[in-house]
1. Name the residues in segment B:94-122 that are touching a residue at least 12 places away in the same chain (Cβ under 8 Å) and in a strand (DSSP E or B), would you?
2. Any idea how many residues of segment A:329-349 are in contact with a helix residue (DSSP H, G or I) (Cβ under 6 Å, 6 or more places away or on another chain) and more than 24 Å from residue B:356 (Cα to Cα)?
3. Any residue that is within 14 Å of chain B (Cβ to nearest Cβ), at pLDDT 95 or above and assigned to a helix (DSSP H, G or I) - is there at least one of those in segment A:367-379?
4. Which of (1) surrounded by fewer than 20 Cβ atoms within 10 Å (Cβ to Cβ); (2) touching a helix residue (DSSP H, G or I) at 6+ places or on another chain (Cβ under 9 Å); (3) on the phi > 0 side of the Ramachandran plot does residue B:381 not meet, given it meets every other one?
5. Going through segment B:397-427 one residue at a time, which ones are without any contact (Cβ under 8 Å) to a residue 60 or more places away in the chain and within 14 Å of chain A (Cβ to nearest Cβ)?
6. Among (1) touching a strand residue (DSSP E or B) at 6+ places or on another chain (Cβ under 7 Å); (2) surrounded by 20 or more Cβ atoms within 10 Å (Cβ to Cβ); (3) at pLDDT 95 or above, where does residue A:305 come up short?
7. Any residue at all in segment A:6-17 that is modelled with pLDDT of 95 or more, at the interface with chain B (Cβ under 8 Å from one of its Cβ atoms) and within 23 Å of the chain's Cα centre (by Cα)?
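The values are calculated or read from the model by the stated rules, or taken from the named source; none is laboratory data. Keep in mind the model is a prediction, meaning the values are calculated, not measured. Note: ideal-geometry Cβ built from the backbone for every residue, glycine included; neighbour counts use all protein chains shown.
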């Protein structure tokens, strides 16, 4: 056989060979995903890398099915496909054991996914994706949790806030507005597909694309109005979405989420953009994208309240997102936020997030208003002198971020809530029974650590955990 | 649509849905793989989950090709396959950048693999596999390194030594003996295939299987002699393979490895078994399996000195192994060595191995004999009161295991070797220039830490690193 290299077999197009330095860079991303997920109380799961082809054919929508790598086993009858996304697997897994699972159920996963599309910058045929999902919670507390996980990841990686923004929409609202623009009810999915690809074509092609699809041209005007409305509300970033200057397009559902985000200190990061509908067929309500530098989608997700039932489970509201490693990696490189050499090696040698919850926050009626702000602070940690625009470094924190959970139960029976905290193997309980201070209890020793003003709880817990 | 569950789509046969507790158990295994690999100076890489079908057709042998999941892309011409093993990808990656890679080059990887075989206990269609490989080193130092990585993994997990043993063989020796038994040269691959599956069938079927394959029945007698010889040498465990009681079947190549293992304090774990040839076509010399409870193969590997050249690279000796997560997981469960609940959560919340080497051991001619024993001690750590038969717990160590490397260069120029250590971002150099003590130098500050008797080096380094 010749030694000239003519017998070299190339890697498949759109896949990556990761040599040691490349692999460390990818692990910098996946370790960040894992740290932030765990701190926010998500538990890791995993499914098969391939699934029965039917799992995608029935529920994901045409866009994704046309990009599947599908196959059979020699001598077998079954059709399989490499997974293009995680949500159908998650719905299948949840449906299978719905009765035994906690409510809400918070899961994360990170692994390889596959799409047989044309490879280009930011789009590969094999990539990693991070998913977080909250199942079994109708309240927009779940939507807000999902959004803030992404926000904390962005903060953890030091991405400058002014280069990124969330655009939030609600499919129910968009559907109502499309119908008002003259779209027939059963053409709504077609109109969603048009909206999803709209920004990828020049404006003058919209009208043609609309009439080709048999949609009324009036949509075109409406969409332009929505886009203008979005800009009125504040462009890629809304300074204060709780009280937008012009509010024709602030649906109640999004206003409720915005209020929750404000209570977490997160409001400045979000804007409303009713041109966002997402490409997947199964979304039912809130949908959102994290956009970098005004154009690239770094993450996307939304509500899919019917999907678990469609897979044979009980009716179960659910909301989640996916984020790929390819666009995020390019963004970190572009911003100079990917550490190199010994700094990268040191970042990957730090203690991981604690799998046991370090704090479990409960309250009676009087203290309840403090749960969300405190939870957000514990999960984020407090920075010594700003983090924005610098790669992750644990030395930057005054108080390290920690794994913090809260009760989602409506009961105010402190004894019952403490039992829940113990069942989840939490180390410390934070009990808020008034508007000024909180009691910390060590759940392993069952001893009281002390009573602290609420804004000193994070520091007191950090001292306990560090020791 | 009905809610009775009739619309449930099952996961593919032979794959796993990992719920939070299952996932933690799997991570207990993958984190152990990662820790041990890094400590031994292996650098992590990753390849695509699928490859061009040709990559396996040409080199892996018929056994594996018949078990491939192969597929095409709709509208595309290329044939792909889900990877059944890592070695062809590794050979392709090494060949592509051979000139820029260090020599020796030590890589590890852990990820999903796929075989379309009938699922059964310990054998799934999708599983994780850990691979470590040393490329570019002809010396049996590489073979010994590969064996000791597996041994340290077994020790890290607390698997009792008397339930496990390595069986080592050498394909060149087996080939010579087969030819002596009357096998024609070009029937040797067929005879290897027979040997590989021999123990899976009842003894009375051997002869029939041999004549069906057109092989001389004389092999049957030879094989029985080899099996007997193996038992003479010590059964599943050899007490002292360096001086076996009966040595007709101790080839020089294996004796050299045994001597190295003895210098690392590892000899008691190994036996010689010339019935081991491994199923893959590309092995060229040493082959081995780690057998649990006298029957299950937990890991296997060997030398494949021609493979990188076959993939278009320069002639490159190489040796490596693979270990799956399924059999290992069953073994840990069977032995009660898989932690549960908060113990499992705590084990997964510990600091990982340092990606920067913590110690880099160099020596002049006088000190050279101390390199291997010291390296083995640093990588293993010293135990407080025995580890065997208990799940991993960092509190068990007197001195924590560390990431230690050595020079493989023949130069004794200490200045040049220190420059190599700095290039690899090592934190401390251990310099041995006589037979009794060693100097520790902090490579970041370029200050001498002190001179210590060789058996106190591990403790002195642990103090430096801990501080």
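1. Once the filter is applied, which keeps residues that are touching a residue at least 12 places away in the same chain (Cβ under 8 Å) and in a strand (DSSP E or B), segment B:94-122 yields B:105, B:106, B:107, B:108, B:109, B:110, B:111, B:112, B:113, B:114.
2. 0
3. No, that holds for no residue.
4. Single failed check for residue B:381: (1).
5. The answer is B:422, B:423.
6. Only one criterion in (1) touching a strand residue (DSSP E or B) at 6+ places or on another chain (Cβ under 7 Å); (2) surrounded by 20 or more Cβ atoms within 10 Å (Cβ to Cβ); (3) at pLDDT 95 or above is unmet by residue A:305, namely (2).
7. The answer is no, given that none of the residues of segment A:6-17 is modelled with pLDDT of 95 or more, at the interface with chain B (Cβ under 8 Å from one of its Cβ atoms) and within 23 Å of the chain's Cα centre (by Cα).
Each row is one residue, and each column tells you yes or no for (1) at pLDDT below 85; (2) surrounded by 14 or more Cβ atoms within 10 Å (Cβ to Cβ); (3) part of a helix (DSSP H, G or I); (4) in the same structural domain as residue A:274 (by TED's automatic domain parsing).
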site: A:173; (1), (2), (3), (4): no, yes, yes, yes
site: A:193; (1), (2), (3), (4): yes, yes, yes, yes
site: A:210; (1), (2), (3), (4): yes, yes, yes, yes
site: A:214; (1), (2), (3), (4): yes, no, no, yes
site: A:223; (1), (2), (3), (4): yes, yes, yes, yes
